[in-house]
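*Asks:* Quick one: the structure is below, questions incoming.
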Amino acid sequence: MYSNHTLRPVTSTPLAPVASWQDQALCAQTGADFFFPEPGSSVREAKSICGRCEMRTVCLEYALDNDERFGVWGGLSEKERYQLRRG
């Protein structure tokens, strides 16, 4: 890549990868099917996985901050997050 003015190579220092909470979450090691089940299906398995996950609180905060409307996030279903937001 070159800058527009002098045709010198533009260098950038590569950043070390940062492990996000999503990379550390147990759901990243399982299938999304548990966390985004078909309508009317059980979310029990997803909640069980969330209950053992150290990233549960961060995940729930993310879902609430980003208005995630589908799936199980932080151990709560869509309906449970809606009720939590309503207060």
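*Asks:* Need one number: the % of Cα-Cα pairs in the stretch 23-87 sitting beyond the 19 Å mark. Present the calculation step by step, with values, prior to reporting the outcome.
*Replies:* Details: 473 of 2080 pairs.
Distances greater than 19 Å cover 23 percent of the Cα pairs.
*Asks:* Simple spin-label model, 7 Å along Cα-to-Cβ: R52 to Q83 in nm?
*Replies:* Going from the R52 label point to the Q83 one covers 2.6 nm.
A short reminder: the numbers here are calculations on the coordinates, not readings from a lab. All values derive from a computational prediction rather than experimental measurement. Note: ideal-geometry Cβ built from the backbone for every residue, glycine included; neighbour counts use all protein chains shown.
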